[in-house]
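The values are calculated or read from the model by the stated rules, or taken from the named source; none is laboratory data. Not measured: the values here are computed from a predicted model. Counting neighbours? That spans all protein chains shown, and the Cβs are built from the backbone with ideal geometry, glycine included. Side chains included, ligands, DNA and RNA excluded: accessible areas come from the protein's heavy atoms. Shrake-Rupley method; radii C 1.70, N 1.55, O 1.52, S 1.80 Å.
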Amino acid sequence: HQVGQTNGHHHPREHAADPAKPVRQGLVKGQLNHEQRRQRRDHRVLAVKIDNTVNSHPQTGVMAADLVYLQEVEWGLSRLVAVYSSRYPRAVGPVRSARVTDIDLLAQFGRPAFAYAGANDRLKAELAAAPFYQVSSDLGPKGYWRDADRAAPWNLFGSPRTLLSRAPKAQRPP
């Protein structure tokens, strides 16, 4: 879906997906069934920059994150970096802009995918050289949509699986 459109299948107010259900073992010892292969393949790291101001509430998908970092930004406001690997919710957001602190923070994950919405002009060159896969809304709308019921800039949401499809070589956790 294009940024600016609401995706009816992945409404941002949906709550985080339930934890993964137990997976049946393959019939032959050592054989992986389809669900096991999918889960093994899908454990790539996705970090998402999420707003943490009053206007951004309720946030979506934060409870499904494996790790959540709280970062102070300007004027005493804060943002979250939600890191997903073991499970991915249907939607995350509201997605906000990258900060210089994200580069060092995400280095511990090797080459993760990083979802964010914009950055200041000085930071864009540093982000391009950083050791992660950029899946920013600035680089294309795939995986992002806007919730028409919320005011901008607190209305941009993303689909983690679709965002990860833009970074097929994103690294699994170290």
Among the residues of segment 120-137, how many are surrounded by fewer than 17 Cβ atoms within 10 Å (Cβ to Cβ) and outside any loop (DSSP other than H, G, I, E, B)? 7
So residue 117, is it not basic (Lys, Arg) and not in a strand (DSSP E or B): yes
Report whether or not residue 115 is modelled with pLDDT under 95, closer than 11 Å to residue 47 by Cα and surrounded by 19 or more Cβ atoms within 10 Å (Cβ to Cβ). no
Within segment 54-95, track down each residue that is assigned to a loop (DSSP other than H, G, I, E, B) and touching a Ser or Thr at 6+ places or on another chain (Cβ under 8 Å). 66, 77, 89, 90, 91, 94
Condition first: open to solvent by 60 Å² or more (accessible area, probe 1.4 Å) and not in a loop (DSSP other than H, G, I, E, B). Now tell me which residues in segment 138-174 satisfy that. 138, 139, 146, 161
